[in-house]
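S.K.: For reference, the structure I am asking about is given below.
No lab work stands behind these numbers, since they all come straight from the coordinates. On a predicted model such as this, the values are computed, not experimentally measured, just so you know. In this analysis, Cβ positions are derived from the backbone assuming ideal geometry, glycine residues included, and neighbour counts consider all displayed protein chains.
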Amino acid sequence: MTHGTRRSSAARLLAACLAVLLGIAVLAGCARAPVHTGNVLVIAIESEADVLDPQVAGGWVTWRINHQIFEPLVDEDLTIPSKDATVPPLKPGLAASWDISKDGLDYTFHIRRGVKFHDGTPLNAQAVEYNIRRMWDKNSPQYSVKAAGQTNFVWKFVDNVATIDDYTLKVHLKQPFSEFLRMLAQGGNGSTAIMSPTALKTYGADIGDHPVGTGPFKFKERIRGERIDLVRNDDYWGTVPSIDGVVFRPLPDPSARTAALRSGDVDIIAVPNPDSIDNLVKEGYQLSEGIPPHVWYLSFNMRDKYTSIPQVREAINLAIDRQGMADDLLRGSVKPALGVQALSAGGYVERKDAYDRNLAKARQLLASVGLANGFETTLITSTDGSGQIMPTQMAEFIQENLAEIGIKLKIQTQEWISYLGVWARGMQDGVGMAQMSWGMTSPYWLYIVTSSELQAPNGPNVGYYANPALDRAMDNAIKALDPQEADRWWRQANNIVSDDAALVPIVNDKAPYVLAPYVSGFVSASEEWYDLTKVRLKQ
Amino acid sequence: MTRVIGSRLLSTVLVLFGVSLIVFLLLQMVPGDPAVTILGSGATADAVAALRSQLGLDRSLPVQFFSYLGGLLHGDLGRSLTISAPVTDIMLPRFANTLILTGAALLLCIVIAVPLGVIAANGQYGIFDRASMMISLAGASVPVYWFGLLLIGIFSITLGWLPTSGMYNPRFPGGAGDLLAHLVLPAIAAALVPLAVIARMTRSVMIDILAQDYIRTLRASGLSTTSVLWRHALRNALPPIVNIIGLQVGYLLGGVVFVEVVFGWPGLGQQLYTSITQRDIPVVQAGVLFIALAFVIINLIADVAVGLLDPRTRRRAGS
């Protein structure tokens, strides 16, 4: 080959490359073809789902799917947006109604008639009892250690369960439990949703691959890592969904989720990158946000020489710039937390006096206990994880805030699962604060994280907080027979925790979803999960 | 040759035993408890203890390991701790998906990189050589994650030609055509680095060979450039090229995890990452075993191929 020939072939190659680039540029200007949804909704979720066994599965990601297939006895009305209902009202689920005895010990559930599981098994009291025994009765053959572990806070006070007749079930409690009905409607860390007893008996340990419930959608297929397909249940007892089906597609990378939405591969994305939300909205996509019961909070180590001092805890609470974190770091995707619990948990008390930034008072408090020059302590948190938002950056933000009052904060991070194990053990010597994000629409959550009987490692009170006045207030709230009285006690309990500065609530997530322009009827209720029966795909 | 293959297969068993032991021990050293993972932040100590017992995590480490090994000998890889499903059911489809992706990427590498290297070597220091080597150097340096997003931006979002993620259309899952459409972009992204390495290696080997006397003799005897290049020079260059391709397959299997994450490809790498973060020991062990097995087998194939291509190696193996 001569030099000249080489030059001409190189020139041809360059010309071809230029032509391709030009072609791409021209085609880029062409309008994209409209999306053909086939009336099937595709939701890009942030991680692979756990097992499709609602009583065993952990995490909100999975319950958002299981909630479409399965239903509990008592449910929450998630068709009402957060702005119209800060706490989602309870509504009958598989129990059409219920009676509570005057002493608050007997709950008689009247099971909904004419309902069938997706496999044709009729729903009756026996089916419900079979399910409850799976979660609660160690002596029953269907007892599941995992299901019991996930739902133990719901069944904690249950003494006995009995089928009265085909459609009546009685649950007898050892003591009154004012939050029992609300807890029956919870998901996330285990749910009490009812599964087909026939399927449970047939599939045993593999039930998660054959989920059979009574919900508005039926399980069709799961290809792990690729998708979970549900189809409309045309025999649903309630409002039959408008869409033919829903596909949950795990896309762990936020950029990949955004790209999939823009290309029309998916119709809704969960957990959008905060930086991409504004642009997506400008492009015509819809942002849907709510006020789910999510609290990103710190617990104090009550055995630490500094954080055991109430004034120190109060000072730390006052030094943190929650508004700044919400606006600047997290671009408005969260709200500053001004109460111990989220607004969507009953018994919420807003305490601006305790949680609005006040550096002067914080410094004064530290000086009052001889710590005007500050001190050094350690905060433990994760680098990632369910509901954790951006834990490392948020911890660094807190670090800067506390430096302003002289507290030198060291941050120790671990990836989520390692962290969960370390957190559950309880704070060790030298650790002043531990971070977690969590919440429920029940104020009972406060009992779970602050009760003295649930101090780590026996429970999630990882800072060993013990306050007899709080325990009494929560006990009264739990045992109260009158809902208003219970609410009063829960409010008092919230106030005690705020007065004692036992926790540092930082922000409440808004759980943003971004929807394609043709999606309607998607409601962000005050919950971590959603109802898809009213979603429509207009094209 | 048969003896070589036999001894390599025997060593494969030892490698796999060693790999599973090391993975098991490493996972024990990392903090985190699968029982706490499963039960989440609301777990009580009693519930965790009961679950640990049910999962067999309260047994001694040697008992846990040899129980796993015993199952392995019967073809039972155990059950996942977190997904409540047999490990084989989880990992085999994932492994097949990863093989599809790496296979397609490998095909792209061979079809593009080898001719690119040969043409570049033939016109050493020419424009094509400089351009192609500069591009391949850039290719080897570009982060796969970024390149994947760039491909999605151009071909999926802007042009709408190809899907962004997954293996099949979620609404209308199709057959081979649907799979191919989903395969194009991840295969290109996965091929980028090995393609650049193979192209540069091919060029380098070919330059050495083209400088040898017998090539000059072939040219002098009037053979066409095409014949000299593709029939004579390339054939002699193939053994080292095949070796490097074999090694790049190993790189592809290990490095494809980034591509799987960006393109939502349900492969082994993605599952392995999730399972490591959940301390799901049986799944991690199976995943590493699959990769080790594939790596050993592919390199064995490469060695056999080199033997078949190069009579000298065959003779050495026989002696």
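S.K.: Once you average over the residues of A:34-44, how many Cβ atoms of partner chains fall within 10 Å of each Cβ?
M.R.: On the way: counts 0, 2, 2, 2, 4, 1, 3, 2, 4, 1, 5.
Per-residue shielding by partner chains comes out at 2.
S.K.: I would also like to ask the following. Only counting other Cβ atoms within 10 Å, I'd like A:R224, B:R231, A:R491 sorted with the fewest neighbours first. Mind showing how you got there, number by number?
M.R.: Values: A:R224 21, B:R231 12, A:R491 17.
Ordered from fewest to most neighbouring Cβ atoms within 10 Å, A:R224, B:R231, A:R491 come out as B:R231, A:R491, A:R224.
S.K.: Hey, which aspartates and glutamates would be in cross-link range of A:K305, C-alpha to C-alpha under 12 Å, not counting anything within fewer than 8 residues on its own chain?
M.R.: Excluding near neighbours in sequence, the set is A:E376, A:D429.
S.K.: Considering the dipole of the protein assembly as shown built from charges on the beta carbon (Lys and Arg +1, Asp and Glu -1) around the Cα centre, which of B:G269, A:A473, A:P483 is farthest to its positive end?
M.R.: The Cα lying farthest towards the positive end belongs to B:G269.
S.K.: Another question, then. Taking 24 Å as the cut-off for C-alpha to C-alpha distance, list the pairs among A:K156/A:K534; A:K116/A:K170; A:K218/A:K282 that go past it. Spell out each step's value before the answer.
M.R.: Numbers: A:K156/A:K534 35 Å; A:K116/A:K170 21 Å; A:K218/A:K282 36 Å.
As for pairs spanning more than 24 Å Cα to Cα, those are A:K156/A:K534; A:K218/A:K282.
S.K.: Note down the magnitude of the dipole of region B:105-257 about its Cα centre, charges +1 on Lys and Arg C-beta and -1 on Asp and Glu C-beta and zero elsewhere, to the nearest 20 debye. Let's see the in-between values first.
M.R.: Details: 8 positive and 4 negative charges, 47 e Å.
So the magnitude is around 220 debye.
S.K.: Any idea what angle helix B:281-309 forms with the longest principal axis of chain B, computed on alpha-carbon atoms, 0 to 90 degrees, nearest 10?
M.R.: 20
S.K.: Okay, next question. Quick one: helix B:176-210 against the long Cα principal axis of chain B, what's the angle to the nearest 10°, folded into 0 to 90?
M.R.: The helix B:176-210 is inclined about 50 degrees to chain B.
S.K.: Using the eigenvalues of the Cα gyration tensor, what equivalent ellipsoid semi-axes result for region B:132-171 when each is taken as the square root of five times the eigenvalue, whole Å, largest first? Display every interim value, and only then the final one.
M.R.: Working: eigenvalues 130, 24, 13 Å².
Values for region B:132-171, descending: 26, 11, 8 Å.
S.K.: Right, next: Expressed as a whole number of Å, what is the distance separating the alpha-carbon centroids of region A:114-183 and region B:145-194?
M.R.: 47
S.K.: Taking only Cα atoms and a 10 Å spring cutoff, compute GNM fluctuations for chain B and point out the largest among B:I110, B:I298, B:I83.
M.R.: B:I83
S.K.: Next question. Under 16 Å between alpha carbons, and skipping anything fewer than 8 positions from A:K174 in its own chain: which aspartates and glutamates qualify?
M.R.: Here the aspartates and glutamates satisfying the reach criterion relative to A:K174 are A:D103, A:D106, A:D137, A:D159, A:D475.
S.K.: Relative contact order for chain B: what percent, with Cα pairs under 8 Å and sequence separation of 6 or more?
M.R.: RCO, chain B: 27 percent.
S.K.: Can you tell me which lysines have their Cα less than 16 Å from the Cα of A:K83? Leave out same-chain residues fewer than eight positions away.
M.R.: Answer for A:K83, where 16 Å is the Cα cut-off: A:K335, A:K510, listed by chain and number.
S.K.: Explain nothing, just the number: dipole magnitude of region A:344-425 about its Cα centre with +1 on each Lys and Arg Cβ and -1 on each Asp and Glu Cβ, in debye rounded to the nearest 20. Working shown, then result.
M.R.: Values: 8 positive and 9 negative charges, 57 e Å.
Using only the charged Cβ atoms, the result is roughly 280 debye.
S.K.: Quick one: A:T151, B:T2, A:T307, A:T86, fewest Cβ neighbours within 10 Å first, how do they rank?
M.R.: On the way: A:T151 27, B:T2 8, A:T307 23, A:T86 17.
The order, fewest Cβ neighbours first, is B:T2, A:T86, A:T307, A:T151.
S.K.: Continuing with this model, one more query. Please arrange A:S196, A:S452, A:S524 by counting, for each residue, the other beta carbons lying within 10 Å of its beta carbon, fewest first. Provide the component values of the computation, followed by the final result.
M.R.: Details: A:S196 27, A:S452 15, A:S524 20.
Fewest-to-most Cβ neighbours within 10 Å comes out as A:S452, A:S524, A:S196.
S.K.: Report the local net charge at A:R134: Lys and Arg +1, Asp and Glu -1, summed over other residues whose C-beta lies under 13 Å from its C-beta. List each step's numbers first, then the result.
M.R.: Numbers: positive: A:R133, A:K138, A:K146, A:K201; negative: A:D53, A:E129, A:D137.
Result for the local shell: +1.
S.K.: Next question. Quick one: work out Rg over Rh on the C-alpha atoms of the protein assembly as shown, Rh as Kirkwood radius.
M.R.: Dividing the radius of gyration by the Kirkwood radius yields 1.03.
S.K.: Note the angle between two axes, namely the Cα long axis of helix B:87-122 and the longest principal axis of the Cα atoms of chain B, as a number of degrees from 0 to 90, rounded to the nearest 10.
M.R.: 20
S.K.: Work out, in µm²/s and without decimals, the Stokes-Einstein translational diffusion coefficient of region A:421-539 at 10 °C, 1.306 mPa s, Rh from Kirkwood over C-alpha pairs.
M.R.: Numbers: Rh = 16.9 Å.
This corresponds to a translational diffusion coefficient of 94 µm²/s.
S.K.: Let me check against my output: what whole-number percent is the relative contact order of region A:37-179, with C-alpha pairs under 8 Å and at least 6 apart? Write out the running numbers ahead of the final one.
M.R.: On the way: 200 pairs, mean separation 27.7, N = 143.
Computed over region A:37-179, the figure is 19 percent.
S.K.: Turning to a different aspect of this structure: Within chain A, which whole H helices from DSSP have a Cα span along their axis of at least 30 Å and a mean Kyte-Doolittle hydropathy of -0.5 or more, if any? Don't skip to the answer; put the middle values down first.
M.R.: Details: long enough: A:3-29 (40 Å, 1.13).
Helices meeting the criterion: A:3-29.
S.K.: Under 5 Å between amide H atoms, partner at least 5 residues away or on a different chain: which partners does A:D106 have, H built in plane at 1.01 Å?
M.R.: Result for A:D106 returns A:S101, A:L173.
S.K.: Now, a different point. Once you keep just the Cα pairs under 8 angstrom separated by 6 or more residues, what percentage relative contact order results for region A:230-380? Provide the component values of the computation, followed by the final result.
M.R.: On the way: 129 pairs, mean separation 26.1, N = 151.
Normalised by residue count, the contact order of region A:230-380 is 17 percent.
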